[in-house]
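Contents: one structure, followed by commentary.
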Amino acid sequence: MLDCIIVGAGPAGRTAADRLAKHRRSVLVVEKASLPRNKPCSDDVSGAIAQGLDFDLTPAISMKANKISYTGKMEDLVQVQINSPMWMVQQDVFDDFLIKQAQKTGAKLRHSTEVKGIEFKNSVWEVKTNSEAVSGRYLIAADGAGGPMTKRLGLKEAKLCLSPSLENRSIKGDSVNFDFGTIKKGFIWSFPQADGYSLSIAAMRGDKPKDIKNILADYATKCGADLSVSNVREHPMSLWEGDRKLHSPNSLLAGDAASLADPLSGDDVIRPAIFSGFKAAKASDRALGGADDAKKPYTPFIAPEWNTDMVWASRLAKAFYQFTGAVYRAGLQFLRTTQLMSKILCGELLYAELANRVFQKLMVF
Ligand SMILES: Cc1cc2nc3c(=O)[nH]c(=O)nc-3n(C[C@H](O)[C@H](O)[C@H](O)COP(=O)(O)OP(=O)(O)OC[C@H]3O[C@@H](n4cnc5c(N)ncnc54)[C@H](O)[C@@H]3O)c2cc1C
């Protein structure tokens with residue numbers, strides 16, 4: 001009988017496993033993919049992640065981007081030097097770091113093992129996989145955006161936003177680029193990698209256009225990419241939509257399964273995945289230990305810190321994606337705004353603080 005079974009070995013599951021093992025809990029992480037997995041991701045992480053980790057991430061960082069540029073329909077280019085560089089990681093090295101760390105502290109891992117069904121009976125979780133059944137007292141669902149566990153736990157499934165991503169080795173550079181307006185109610189982002197660029201596109205509000213992959217391919221061609229050596233894949237993102245229940249008896253959701261992605265930038269989502277991994281470990285450890293407040297649900301445990309900021313991100317996203325072109329021309333193309341946005345992307349500034357600054361300026365006016 002395990003203390004905790006974690007479904008999914010992404011950043012959220014790996015972080016939760018490490019923390020629980022450190023609290024001497026017996027933990028098993030079950031992952032359907034064969035590791036190292038190759039998930040579509042632009043692999044940008046903010047320096048803010050390092051604050052929470054108790055090991056050095058340096059070997060996983062493949063490069064640091066010091067420049068950020070914005071365009072509106074590929075015109076009106078603004079490029080700024082940013083004070084805190086954005087870190088580009090090698091996904092396999094980064095993932096490997098997190099899982100090795102968890103294994104070192106005692107967590108067990110089964111990869112190439114898919115969870116096929118779960119049942120909660122007599123306060124015990126019976127988890128059926130394609131190879132065997134395992135039992136545990138607690139369950140953490142960290143199975144990513146669109147994973148099956150949310151529904152199996154009887155929780156409300158999130159709306160997904162499918163995002164195609166194109167890896168290309170024929171273009172090189174060191175600038176993080178965002179283009180607004182080429183796709184309606186969304187944006188295109190291209191992030192440098194040590195060996196090329198990763199270009200992704202998302203419709204953040206409303207329906208995904210049918211020709212979304214063609215829009216991305218056109219953009220890539222205009223950037224000089226040779227499409228014959230490109231690899232396009234699609235993966236869902238699960239954007240924050242408001243307060244949601246994130247727990248049910250002896251179980252909870254973490255990472256993308258909990259829909260924590262910033263609805264304005266859609267970026268730096270590994271940060272909340274790791275943050276929720278810590279929170280999930282803490283909540284389940286307290287519940288397993290029978291702490292006095294263990295019956296306090298996990299949802300409010302995570303909500304005050306993350307949701308307050310996401311409420312602001314959501315308000316800004318509503319206005320921004322409604323009038324993308326006008327907002328771009330009126331604000332985003334100016335240097336000061338670009339610098340402030342880059343601070344948010346690097347986890348150095350909260351939307352709530354930004355809103356407060358704007359409010360104070362308006363009061364002085
Ligand atoms: C195109 C794109 C670009 C992105 N770029 C960035 C970026 O630059 N920076 C950033 O911070 N974030 C980015 N993200 C988001 C980031 O990749 C995710 O937020 C992050 O991986 C979430 O981590 P997680 O642990 O919650 O879930 P995941 O990393 O998705 O891991 C979930 C795991 O659960 C496993 N699983 C699912 N079902 C089962 C099952 N039944 N049994 C066993 N295992 C199962 C899956 O195989 C998967 O490995 C991007 C996302 C997309 C789609």
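The values are calculated or read from the model by the stated rules, or taken from the named source; none is laboratory data. Remember, predicted model here, so these are calculated numbers, not experimental data. Positions of Cβ are backbone-derived with ideal geometry, glycine not excepted, and every protein chain shown enters the neighbour counts.
Scanning segment 165-187 for residues that are among the β-branched types (Val, Ile, Thr) and away from the ligand (no atom under 11 Å from the Cβ) yields ILE171, THR182, ILE183.
Here SER265 fulfils each of the conditions (1) closer than 25 Å to SER248 by Cα; (2) modelled with pLDDT of 80 or more; (3) surrounded by 16 or more Cβ atoms within 10 Å (Cβ to Cβ); (4) out of contact with any Pro (no Cβ under 6 Å at 6 or more places or on another chain) apart from (1).
Picking from residues in segment 55-79 that are β-branched (Val, Ile, Thr) and surrounded by 14 or more Cβ atoms within 10 Å (Cβ to Cβ), the one that is nearest to ALA194 (Cα to Cα) is ILE61. Tell me yes or no: at least one residue of segment 32-54 is surrounded by 21 or more Cβ atoms within 10 Å (Cβ to Cβ), over 20 Å from GLY266 (Cα atoms) and within 10 Å of the ligand (Cβ to nearest atom). No. Looking only at residues that are in a helix (DSSP H, G or I) and of a type outside the set (A, V, I, L, M, F, W, C) in segment 256-283, which one is nearest to ARG137 (Cα to Cα)? Only one residue fits best here, namely LYS282.
With a requirement of 3 or more residues that are under 22 Å from ILE188 (Cα atoms) and not small (Gly, Ala, Ser), the strands (runs of 3 or more DSSP E) lying completely within segment 7-104 that satisfy it span 61-72, 75-89.
Of the residues in segment 86-96, at least one is away from the ligand (no atom under 13 Å from the Cβ), over 28 Å from ASP3 (Cβ atoms) and surrounded by 14 or more Cβ atoms within 10 Å (Cβ to Cβ). Can you say whether GLY47 is in contact with a Gly (Cβ under 8 Å, 6 or more places away or on another chain), over 29 Å from VAL232 (Cβ atoms) and at pLDDT below 95, as far as the supplied structure shows? Criteria met by GLY47.
Within segment 126-146, the set of residues being over 21 Å from GLU157 (Cα atoms), buried (at least 16 other Cβ atoms within 10 Å of the Cβ) and either among the hydrophobic types (A, V, I, L, M, F, W, C) or within 25 Å of the chain's Cα centre (by Cα) (or both) comprises just one member, VAL134.
The set of residues from segment 202-238 being under 27 Å from ALA254 (Cα atoms) and more than 14 Å from the ligand (Cβ to nearest atom) comprises ARG205, GLY206, ASP207. The criterion of being within 30 Å of HIS247 (Cα to Cα), buried (at least 20 other Cβ atoms within 10 Å of the Cβ) and either basic (Lys, Arg) or within 19 Å of the chain's Cα centre (by Cα) (or both) does not hold for GLY186.
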